[in-house]
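Before any comments, here is the structure.
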Amino acid sequence: MNKKMQLAVLATLTGVSIIAASSAMAAERFSTCAGVTRAAFEAAANTAATETDGFGFGLPMWATLADPTGRICYVYSTKHGTANTGASSGNQAWLGSRVISAQKANTANAFSLNNLAISTGAVYVAVQPGGSLYGLQHSNPVDASKAYDGNPALFGTASDPLTGKNIGGVNVFGGGVALYNASHVKTGAVGASGDTSCRDHAFAYRLRLALGLTGQPNDDGLKLVATPAALFQQPACGVKDPTPSTAIGSASDFGVRP
């Protein structure tokens, strides 16, 4: 075999190896996404949208699911229960909320444990100036080189450019909750953005219910108050805020407590 032939064979084998590695990474990504398929995620997001459309401004929403390592599995936008994707998706749903939804998923996953569920709005009071966690919101910044890379035509689709990436970010208002299986093991998190933070929280909470990943070890619902003074309290939004409920897991439960 001459040198040119050897190089050609080597190049072919290298290409096959890269394809195999990419396929393995894709399989790993699927297996670490709480067993949730893309179709199931879209259906759950559409359900959450229709269930919470009466809150806030009733705007189209962005939703993101991250695995336990913070890697993004799925990104999707829903307009009143139907898909809103592609380059023009930002004309219907706030484009900035696409990355914010991923940031919220990252936050809920990063600070929740098997024995402690922390929704993103839970630490609002602690990160204010003088609070015990002041500065947390500035840690783990979003990796802009990853967050804004890729083809806008794929936004919200199964091939959204955020898929498979860890973009980081810390968000401290409502819209992110961790996911737990029946054994109370954290399997990832979801983030929602596109409306008031109160509606965002309700959307993420109902999205988790629709996915059936509700084995969280504690109630991570929020109280919406004028002046937050404790953990799991955040400012009320004042625009058709979700109605408080103590019937956890019921049709009237939007993750807001009296």
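Nothing in this text is a laboratory measurement; each read-out follows from the coordinates by a stated rule. Everything numeric here is computed off the predicted structure, so don't read it as measured data. Cβ placement follows ideal geometry from the backbone for every residue including glycine, while neighbour counts extend to all protein chains displayed.
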Here the residues within the range 109-160 that are exposed (fewer than 14 other Cβ atoms within 10 Å of the Cβ) and touching a Pro at 6+ places or on another chain (Cβ under 6 Å) are Asn115, Asp149
Filter result for the condition that a residue is part of a helix (DSSP H, G or I), in contact with a helix residue (DSSP H, G or I) (Cβ under 9 Å, 6 or more places away or on another chain), of a type outside the set (D, E, K, R) and under 21 Å from Asn171 (Cα atoms), over Gly131, Gly56, Gly70, Gly121: Gly121
Failed condition for Ala229, given (1) surrounded by 24 or more Cβ atoms within 10 Å (Cβ to Cβ); (2) closer than 19 Å to Gln128 by Cβ: (1)
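Does Gly249 satisfy the criteria of being surrounded by fewer than 19 Cβ atoms within 10 Å (Cβ to Cβ), at positive phi, within 22 Å of the chain's Cα centre (by Cα) and not hydrophobic (A, V, I, L, M, F, W, C)?
Numbers: surrounded by fewer than 19 Cβ atoms within 10 Å (Cβ to Cβ): yes; at positive phi: yes; within 22 Å of the chain's Cα centre (by Cα): yes; not hydrophobic (A, V, I, L, M, F, W, C): yes.
It is true that Gly249 is surrounded by fewer than 19 Cβ atoms within 10 Å (Cβ to Cβ), at positive phi, within 22 Å of the chain's Cα centre (by Cα) and not hydrophobic (A, V, I, L, M, F, W, C).
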Selection from the range 38-53 of residues that are closer than 15 Å to Tyr205 by Cβ and out of contact with any His (no Cβ under 9 Å at 6 or more places or on another chain): Ala44, Ala45, Thr47, Ala48, Glu51, Thr52
Matching residues in the range 74-118 (at positive phi and either within 13 Å of the chain's Cα centre (by Cα) or assigned to a helix (DSSP H, G or I) (or both)) number 0
